[in-house]
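Asks: Structure in C-alpha cells, see below.
The values are calculated or read from the model by the stated rules, or taken from the named source; none is laboratory data. Values in this document were obtained by computation on a predicted structure and should not be read as measured data. Backbone-built Cβ (ideal geometry, glycine too); neighbour counts: all protein chains shown.
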Amino acid sequence: MDLPKPNAAAAALQPYLSGLTPSQRSVVDHRGGPLLVNAGPGSGKTTVVTHRIASLIAEGVAPWRILGLTFTNKAAQEMRGRVEALLDHAGLTADGVLLCTFHSFGARLMRTLPDDFGVPARFVILDAADQKSAIKQAIRAANLDPKSFTPASISSAISAAKNQLKNAEAYESEAVDFLTRAVAKTYHEYESRLKMQEAVDFDDLLMRPAVALRDQPELRARLTQRWTHLLIDEYQDTNFAQFLVADLLVSEARNVTVVGDPDQSIYGWRGANIGNILEFETRYPDAKVIPLGENFRSTKTIVSAADALIRNNEQRKPKNLVAANDTGDRLRIRRSEDERGEAQDVVDHLKQVERSGTPWAEMAVLYRMNALSRVFEEVLRRDGVPYIVAKGTSFFERKEVRDAVGYLRLLANPRDEVALERVVNMPPRGIGATSWSRVIGEARASTQSVWEVMQSPSRIEGVSTRAAKAIESFVEMVQGWRSSLGHTGAFEALSRDLSDVVQRVIDESGLAAHYARGGTEEDHDRVENLDELVSAAADFPGVVSELPGLAEDAEPTLEHDVQTLEAHLFGWLESISLVADSDLVDPTRGVLTLMSLHASKGLEFEEVVVAGCEESLLPHQRSIGDDEAIEEERRLLFVGMTRAKKNLTLTSAKSRPVRGFRESTIQSQFLSEIPEELVERWEANENASADAFLQGSSPSPHGGRRGPSGRRLASLFPVGCLVEHEQFGVGRVEAIMPRPTGTTARIDFRYDGVKTIILEYAKLERLE
DNA sequence: TCACGCTCCCTTTTT
DNA sequence: GGGAGCGTGA
C-alpha cells in the first residue's frame with residue numbers, strides 16, 4: 001500500500017533538509033511508532049512538522065493518509081502553505097493532506113457521516129452567544145432561580161462534563177448534591193433544545209467524535225484505515241476528548257507525532273490537560289522523545305529573561321532554553337502614570353520603532369484582558385496609527401451582523417429556533433412578545449417545531465389576525481429565499497451567488513432600510529457592517545465540508561469544487577463560527593496587532609509590548625491565592641515574552657480604573673523574577689508628562705490631524721479606476737469595503753497581484 | 001406593540 | 001463602564 005520507496009522525489013527534498021539541526025532532522029526522519037517533540041518557543045516547530053509531512057509524502061505515503069490537527073485555522077493554513085512549497089520543489093503535490101483544526105475536523109467528520117455520530121445532517125454550530133441564550137432558556141425551563149444559577153457557571157459545568165465525555169444521563173447519575181442536580185436538570189433541557197434545533201455546540205465537535213470512535217469499533221476501523229499518519233500541534237493544550245480522538249485514531253498504525261511545550265500550556269481553565277503531554281511516554285511506552293530547546297526566534301536577552309521567569313514554576317520538567325541569536329537589547333520595563341499614559345507611551349515608542357524601519361505588521365501589543373484594548377485603540381486612532389484588534393468574532397458579534405447571520409442560519413435550517421427568535425421581529429414587523437409566546441406555546445403543546453406551527457398561524461389560539469398575517473408573510477419571505485439554494489456550481493460562482501443571497505436577505509428583510517432610516521453615526525456604521533458582510537460572503541473561497549473516502553479504504557476522489565449553494569452556505573456559516581482570534585493576524589495588511597496573550601500563542605513579531613503587567617491583571621485577580629493558577633498565569637507571560645524576536649517591552653500603569661473607580665496598582669510579581677541585568681527600567685515622573693519625557697515635546701493635540709473621511713476616500717477611488725501605490729506600483733481597484741479599521745480596498749496590482757489595502761494609511765494616487 | 005430610559009449586576013482567557 | 005432586563009409612556 002504505502003511502502004516507503006526512496007526515490008527521486010525524496011532526493012529532491014534533501015537540500016531542504018540539510019538546513020535543519022540534528023535534533024530537528026531526527027524529528028523529520030523518525031519512522032514508525034509514537035513520537036513526542038518537546039519543542040520550546042521558537043525552536044522551529046512548524047518547520048519540523050511541515051518537513052516531516054513533506055518527507056513522508058516524498059517517500060511515497062499518499063497525502064490523503066496524513067492528518068494534521070492544529071488549534072487555529074491560521075496554523076493549519078500556514079502549515080499547508082509550507083508543505084505545498086516544499087513538495088513543489090520536489091515536483092510533488094500535497095493535494096489531499098488534511099490539515100485543519102480539531103474543531104473543524106470534528107465538524108467535517110460529523111457532516112460526512114451524520115448517522116454514525118448521531119447528529120442531523122444539517123446541524124448548525126452554536127456560537128458563544130447562542131449557546132448562552134440556549135443555556136438561559138434551559139435554566140428557565142428547568143425551573144431554576146436564574147439569580148443563583150448564572151448561565152456562565154452552568155455552561156462551564158456542562159462544558160467540563162462534555163470534555164469528560166459525560167452526557168446528560170451520565171452526569172445525572174453522578175449528581176449527588178443540590179448544585180450538580182440542578183446542573184443535570186439544565187443539561188437535559190439544554191440537550192433537548194440542541195436536538196430540537198438541529199444544533200451542536202463547540203464541545204460536541206470534540207465529544208461526539210470521541211464517543212463514536214470509542215464505542216463503534218466498525219467506525220473506528222474505517223477511520224483508522226483512512227488516516228495512517230497523525231500529527232498534532234500544541235499538544236499541551238489538548239483536553240480529554242481530543243486526547244481520546246487522537247489515541248483512537250492511531251490505535252492501529254500508531255504513527256502519531258505530537259508537538260508541544262508544557263511551559264506554554266495556557267488553557268487549563270477550559271479543560272486542557274497538561275498531563276496528556278507530560279504522560280505521553282507512559283501512555284506510549286515505545287515513544288521516542290525528542291527535545292527541541294534551541295531558540296532561533298528571539299535574542300539571547302529575551303530568551304534568558306523568559307527562561308528566568310519560567311524557572312519559578314514548580315510544576316514543571318526543567319529544561320534549558322538556549323538562544324542561537326545575538327544578545328540584542330535589554331528588555332524595557334516601563335511604569336506609566338495611568339492607563340492613558342501607558343497607552344500613549346507605548347504608542348510613542350512604537351511610532352519611533354516604525355520610523356526606524358520596522359513595519360507595523362511586525363509589532364504587537366499583548367494584554368491579559370480584552371478590555372485593555374480600548375484605551376490603546378483610542379490613542380492609536382487619535383495618532384493615526386493603523387491597527388487591528390485580533391478578536392476573531394468581534395465583527396460577528398455586532399447586533400446588525402448577528403441579525404443578518406440569523407436570517408441566513410434560518411434559511412439554512414428553519415428549525416434553528418435561536419436564529420428564528422432573533423429575527424422574527426427584527427426589524428419590527430408586528431410579531432411582538434405576546435404573539436410570539438403564543439406561537440411558542442402552541443409548538444410546545446404539540447409535537448411540532450416552531451417553524452411548522454408558523455406555517456398556519458391563523459390556527460393558533462390567541463394570535464390576532466394582524467399578527468397571523470405578519471407571520472404568514474414572514475414565512476413566505478424565508479421560503480422564497482430558500483428556493484434559490486438548490487442549484488449547483490463551482491466555488492467561485494457560488495461565492496458570487498452567496499453574496500447575492502446575503503444582499504437579498506439584508507434588503508428584503510428590511511434590515512438595511514431599518515438602519516438606513518436611523519441617520520445617526522451608529523446607524524451609518526451598521527449599514528456599512530452589513531455591506532461588509534456581503535463582501536465577506538463574496539470573499540469566501542469555499543470548502544468541501546464533507547471528507548471524501550471515509551466509506552471505503554480506497555483513494556478518495558479529491559476533485560470536489562462543485563457543490564450546491566446550500567452546502568456552500570453551510571460551509572460559510574461553519575467557517576464563521578470557527579474563526580479564531582489569531583486568524584485575523586495578517587501581515588500583508590501592514591498594521592499593528594492588538595490581542596490577548598492567549599491569542600498570541602504560536603505567533604511572532606519583531607517588536608512586542610506586554611501591557612498591564614500589574615497584580616490582579618497579570619496574574620489575574622481570580623488566580624491569586626491558587627498556586628496552580630498562578631503558574632498558568634506565569635506561563636501566559638512566558639508565551640507573551642517569547643513572541644518577541646528583537647525587542648520586548650513590559651509596561652504597567654501606576655493607577656487604573658477598576659469597576660469605574662480609579663485604583664493604585666502594584667507592579668506584577670512576575671517582573672521581579674526577571675534578572676535586573678537584562679532590563680532597563682523607566683518610571684513616569686509625576687511632574688513631567690510621559691510624552692514630554694520621551695519626546696522632548698508637548699503631547700499631540702486631541703483629535704488633531706485627521707485625513708479625509710472613509711466615504712470621501714471611497715469616492716476618490718471608485719471601483720475600476722487605475723491607481724499607483726508607492727510600493728506595489730500600478731493597479732486597478734476591484735472593490736471598496738468599509739471596515740471598522742478603515743476603508744479597505746482590494747486592488748489588483750500589475751506585478752504583485754491582488755492586495756488588500758487600507759485607504760486611510762496607504763499612499764495611493766489615482767492615475768488618469 | 002415599541003422605543004426609551006432607568007437600575008442593577010457583573011467583571012479572564014477561547015474553539 | 002457596560003450590558004441586560006424591566007417598567008413606563010406614546
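Asks: What number goes with the only condition from (1) of a type in the set (S, T, Y); (2) farther than 27 Å from A:L420 by Cβ; (3) near DNA strand B (Cβ under 10 Å from one of its atoms) that A:Y171 does not pass?
Replies: The one condition A:Y171 does not meet is (3).
Asks: Looking only at the range A:216-262, count every residue that is of a type outside the set (A, V, I, L, M), within 23 Å of the chain's Cα centre (by Cα) and part of a helix (DSSP H, G or I) and tell me the total. Reasoning before the result, please.
Replies: First pass over the range A:216-262, keeping only residues of a type outside the set (A, V, I, L, M): A:216-218, A:220, A:222, A:224-229, A:233-240, A:242-243, A:247, A:251-252, A:254-255, A:257, A:260-262.
Adding the requirement that they be within 23 Å of the chain's Cα centre (by Cα) leaves A:233-240, A:242-243, A:260-262.
With part of a helix (DSSP H, G or I) added as a condition, the list becomes A:235-237, A:240, A:242-243, A:262.
Matching residues across the range A:216-262 total 7.
Asks: Please go through the range A:448-465 and give me each residue that is assigned to a loop (DSSP other than H, G, I, E, B) and not β-branched (V, I, T), ordered by number.
Replies: A:Q448, A:S449, A:S456, A:E461, A:G462, A:S464
Asks: Now for a different question. Look at A:L637 and say whether it is within 19 Å of A:K300 (Cα to Cα) and more than 13 Å from DNA strand B (Cβ to nearest atom).
Replies: no
Asks: Looking at A:A121 and the list (1) surrounded by 14 or more Cβ atoms within 10 Å (Cβ to Cβ); (2) more than 16 Å from DNA strand B (Cβ to nearest atom); (3) assigned to a loop (DSSP other than H, G, I, E, B), which single condition is not satisfied?
Replies: Status for A:A121: all satisfied but (1).
Asks: Counting just the residues of the range A:614-645 that are surrounded by 20 or more Cβ atoms within 10 Å (Cβ to Cβ) and part of a strand (DSSP E or B), which one comes out nearest to DNA strand C (Cβ to nearest atom)?
Replies: Taking the candidates together, the pick is A:L617.
Asks: A further question on this structure: For the condition surrounded by fewer than 16 Cβ atoms within 10 Å (Cβ to Cβ) and modelled with pLDDT under 90, what is the one hit in A:P318, A:P285?
Replies: Residue meeting the stated conditions: A:P318.
Asks: Inside the range A:345-378, can you point out the residues that are among the charged types (D, E, K, R), in contact (Cβ under 8 Å) with a residue 60 or more places away in the chain and more than 16 Å from DNA strand C (Cβ to nearest atom)?
Replies: Of the residues in the range A:345-378, the ones among the charged types (D, E, K, R) are A:345, A:348, A:351, A:354-355, A:362, A:368, A:374, A:377-378.
So of that shortlist, the ones also in contact (Cβ under 8 Å) with a residue 60 or more places away in the chain come out as A:345, A:348, A:362, A:368, A:377.
Matches in the range A:345-378: A:D345, A:D348, A:E362, A:R368.
Asks: Residues to consider are A:A241, A:A199; find the one that is more than 30 Å from A:E452 (Cα to Cα) and small (G, A, S).
Replies: The conditions single out A:A241.
Asks: Please give the number of the condition A:R25 fails out of (1) in contact with a Gly (Cβ under 9 Å, 6 or more places away or on another chain); (2) not in a loop (DSSP other than H, G, I, E, B).
Replies: (1)
Asks: Going residue by residue through the range A:456-470, is there one that turns out to be within 16 Å of DNA strand C (Cβ to nearest atom), closer than 16 Å to A:A404 by Cβ and surrounded by fewer than 17 Cβ atoms within 10 Å (Cβ to Cβ)?
Replies: no
Asks: Please go through the range A:651-666 and give me each residue that is part of a strand (DSSP E or B) and either more than 16 Å from DNA strand B (Cβ to nearest atom) or among the polar types (S, T, N, Q) (or both), ordered by number.
Replies: Correct list: A:T651, A:S652, A:A653, A:K654, A:S655, A:S664.
Asks: Now for a separate question. Which residue out of A:V579, A:V609 is assigned to a strand (DSSP E or B) and either touching a strand residue (DSSP E or B) at 6+ places or on another chain (Cβ under 8 Å) or more than 16 Å from DNA strand C (Cβ to nearest atom) (or both)? First the steps, then the outcome.
Replies: On the way: A:V579 fails: assigned to a strand (DSSP E or B).
It is A:V609.
Asks: Only one residue in A:A371, A:A443, A:A468, A:A404 is of a type outside the set (S, T, Y), away from DNA strand B (no atom under 16 Å from the Cβ), assigned to a helix (DSSP H, G or I) and farther than 19 Å from A:D127 by Cα, so which one is that?
Replies: It is A:A443.
Conditions tested, residue by residue: (1) buried (at least 21 other Cβ atoms within 10 Å of the Cβ); (2) aliphatic (A, V, I, L, M); (3) part of a helix (DSSP H, G or I); (4) away from DNA strand C (no atom under 16 Å from the Cβ).
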position: A:L67; (1), (2), (3), (4): yes, yes, no, yes
position: A:A75; (1), (2), (3), (4): yes, yes, yes, yes
position: A:G96; (1), (2), (3), (4): no, no, no, yes
position: A:K136; (1), (2), (3), (4): no, no, yes, no
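Asks: Going through the range A:275-328 one residue at a time, which ones are farther than 22 Å from A:A644 by Cβ, out of contact with any Pro (no Cβ under 7 Å at 6 or more places or on another chain) and part of a helix (DSSP H, G or I)?
Replies: Within the range A:275-328, A:G275, A:N276, A:F280, A:E281, A:T282, A:R283 qualify.
Asks: Also: Given (1) out of contact with any Asp or Glu (no Cβ under 7 Å at 6 or more places or on another chain); (2) among the aliphatic types (A, V, I, L, M); (3) more than 30 Å from A:A580 (Cα to Cα); (4) at pLDDT 90 or above, where does A:V83 come up short, assuming only one miss?
Replies: (3)
Asks: Can I ask one more? Just name the residue that is surrounded by the fewest Cβ atoms within 10 Å (Cβ to Cβ) out of those in the range A:647-678 that are basic (K, R) and within 16 Å of DNA strand C (Cβ to nearest atom).
Replies: A:R659
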